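No lab work stands behind these numbers, since they all come straight from the coordinates. Everything numeric here is computed off the predicted structure, so don't read it as measured data. As a convention, Cβ positions derive from the backbone with ideal geometry for all residues, glycine included, and neighbour counts pool all protein chains shown.
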Amino acid sequence: MKVLLRNPRRELDVPGSRQVLALLAELQLSRESHLVICNGTLVPGDAHLAADDVVEIRPVISGGA
Amino acid sequence: MVAAGSKCRTCRGPAIIDLPRHNAHFCADHFLELCRRQVVKAIDQFQMLERDDRVLVAVSGGKDSLAVWDLLIELGYQADGLYIGLGIGEYSDVSADYARAFAAQRGLHLIEVSLRGEYGYDIPTAAKATKRVPCSACGLSKRHLFDKAALDGGYTVLVTGHNLDDEAAVLFGNTLRWDIDYLARQLPVLPARDGFPKKVKPLVRLSEREMAAWCIVRGIDYQVEECPIALGNKHLAYKAALNVIEEESPGSKAAFYLNFIENMAPLLAGHSVAAVDGLGTCAQCGAPTTGEVCAFCRLVDTAREHRPVPVELVLSKGRGKR
């Protein structure tokens, strides 16, 4: 699957299918500070991402104090 | 994608989001309903807004400020937006585009103030000229201009998009230092006083993750990229630390902040009043200040004399410190 990451913007090719939470863990990304969008739709942690999905992992933390 | 097995807690339809702190999943409609309910609860609990208030929303082009503007309009409040052009290179240009597009698509009024155009400086230059951390120069400028725009425009309330994560992170930092003055002022509502508009934070019961999800579900385009000169600041480090705790013990951030407001803030109330009552008036702009000239006017006087500093220069300095 194609995985878009932000801050900085970059794209990864991840082979095979994954559960959302497994993908986040594999990329060492916090569940609390990210959302996962699959083919344009927000998906929960137990959704299964297929090998041909286009996935965006969107960070939700912003830093202005 | 194979559909998730999880179901919405309310309707048992397919879920789009998991919220561990509620130990629940929600579909799009019931997630939005949860967010509206939390905002209404905050507004009512802390007496933030009246139906006839003239509201000014401080809008950055990011998820929180656009979400709170969207929520207030949805809930029937009359609310204009205020965007301050901070001059942080392309980041500010793109942020302004998101704020303008949001307002234009909904027929809302957006007031714009340009630091460079109206005050002769930008944030990178102010940071360099005054030797302040960029976030400090930015926060000082925004606070002053938010207050001024609200008072000049006759607005009765200034709304900011501070969310639960923002407030918990600031509380964490203030608690690490036991900074009583700042702790006493860390309230979801600050009443109007001479020289200050009433300020409220309707998103204090909602997390950053929930606000980003609100924007995605509602189709609101916002600035996803992080401010390039905020990278590596303490506020982000506090948020990361709290999220480690939250993952181990969901609900910790809400308990930390909301229980502070309920149990601790009342004990500090007298301290807060004393701090505000000691203020005088700035000889240059008339804003409240502890000195003869306020910190904003001093910053402007120094920064506008400095040659413009490109973002990259401040950026590399910040990165070197991390």
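Farthest toward the positive end of the dipole of the protein assembly as shown, out of B:H22, A:L21, B:L176, is the Cα of B:L176, where the dipole comes from beta carbon charges about the Cα centre. A cut-off under 13 angstrom between Cβ atoms defines the neighbours of B:F46, and their net charge, with Lys, Arg +1 and Asp, Glu -1, is +1. The charge dipole of chain B, taken about its Cα centre with unit charges on the Cβ of Lys, Arg, Asp and Glu (plus for the first two, minus for the last two), comes to roughly 520 debye. Among the listed pairs B:K142/B:K199; B:K198/B:K234; B:K7/B:K41; B:K41/B:K199, a Cα-Cα separation exceeding 22 Å is found for B:K198/B:K234; B:K7/B:K41. About the centre of its Cα atoms, region B:17-158 shows a dipole size close to 500 debye [charges on the beta carbon of Lys, Arg (+1) and Asp, Glu (-1) only; nearest 20 debye]. Per-residue shielding of A:25-35, expressed as the average number of other chain Cβ atoms within 10 Å of the residue Cβ, stands at 5.
Karplus-based coupling profile of region B:286-297, in residue order and whole Hz: x, 6, x, 7, 8, x, 6, 10, 6, 4, 5, 4, with θ = phi - 60° in 6.51 cos²θ - 1.76 cosθ + 1.60 and x standing for Gly or Pro. Note on region A:2-59: with charges restricted to the Cβ of Lys and Arg (+1) and Asp and Glu (-1), its dipole about the Cα centre is near 220 debye.
Modelled spin labels at B:D179 and A:E26, positioned 7 Å past Cα toward Cβ, are 4.2 nm from each other.
Taking R0 as 41 Å, what's the FRET efficiency between B:R12 and B:R100 from their Cβ-Cβ distance, rounded to 0.05?
0.50
Relative to the longest principal axis of the Cα atoms of chain B, helix B:265-277 runs at roughly 20 degrees.
What is the helix-to-structure angle for B:28-45, meaning the angle in degrees between its Cα long axis and the longest Cα principal axis of chain B, kept from 0 to 90 and rounded to the nearest 10? The angle comes out near 50 degrees. Using the charge dipole of region B:36-77 (Lys, Arg: +1 at Cβ; Asp, Glu: -1 at Cβ; taken about the Cα centre), state which of B:I73, B:M48, B:G62 has its Cα farthest towards the positive end. Of the options given, the answer is B:G62.
Taking the alpha-carbon distance from B:K253 and a cut-off under 16 Å, which aspartates and glutamates remain once sequence neighbours fewer than 8 residues away in the same chain are dropped? Partners found: A:E32, B:D165, B:D166, B:E167, B:E208, B:E210, B:E262.
Per-residue shielding of B:222-229, expressed as the average number of other chain Cβ atoms within 10 Å of the residue Cβ, stands at 4.
Placing one equal scatterer on every Cα of the protein assembly as shown and applying the Debye formula, the log10 ratio I(q)/I(0) at q = 0.06, 0.08, 0.09, 0.14 Å⁻¹ is -0.24, -0.42, -0.54, -1.35.
With a Förster radius of 35 Å applied to the C-beta separation of A:N39 and B:L231, the computed FRET efficiency comes to 0.70. Report note on the peptides B:28-34, B:120-126: ranked by the mean count of other C-beta atoms within 10 Å, highest first, their order is B:120-126, B:28-34. Here the gap between B:V40 and B:D221, fully extended at 0.36 nm per residue and compared with their Cα-Cα distance, gives a gain of 62.8 nm. To the nearest Å, what is the center-to-center distance of region B:109-185 and region B:1-53, using C-alpha atoms only? Using only Cα atoms, the two centres lie 29 Å from each other. Net charge near B:A303, counting Lys/Arg +1 and Asp/Glu -1 over other residues with Cβ under 14 Å of its Cβ? Within the 14 Å Cβ shell, the charges total +3. Label-to-label distance, B:E90 versus A:K2, with points set 7 angstrom from Cα along the beta-carbon direction: 2.0 nm.
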